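Written below as structure tokens is the structure these notes are about.
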Amino acid sequence: MPNLHFLPQDWSVEELEAMAASQPMTAEQAATLKQLAKAAYELDAFKPNLTRAEADLRIAMLTAKLKRLDGPPHTL
């Protein structure tokens, strides 16, 4: 974990998390999102200028979609 001693001590954890969430997505998030978007046939789900929070949300949604598609087909 990065050294946060240089930050004012009156900042809450929520404020620090909000600042991190608004930063651009990481290279790892970008790679994961690209892979999931291709697998789910939703190439427009990947945008290079997403924030970390937006990327996390899209990764979760695509993972859930692919998990549903992997299940057995419904029968009557």
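Structure values in brief
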{"quantity": "Search result, residues across the range 49-60 that are of a type in the set (S, T, N, Q) and assigned to a loop (DSSP other than H, G, I, E, B)", "calculated": "Asn49"}
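Residue-by-condition table, conditions (1) at pLDDT 90 or above; (2) surrounded by 10 or more Cβ atoms within 10 Å (Cβ to Cβ); (3) not in a helix (DSSP H, G or I):
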| position | (1), (2), (3) |
| --- | --- |
| Glu15 | no, yes, no |
| Thr32 | yes, yes, no |
| Leu36 | yes, yes, no |
| Lys47 | yes, yes, yes |
| Leu62 | yes, yes, no |
| Arg68 | no, no, no |
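The values are calculated or read from the model by the stated rules, or taken from the named source; none is laboratory data. Owing to the predicted nature of the structure, the values given are computational and were not obtained by experimental measurement. Glycine gets a Cβ as well: all are built from the backbone with ideal geometry, and neighbour counts include every protein chain shown.
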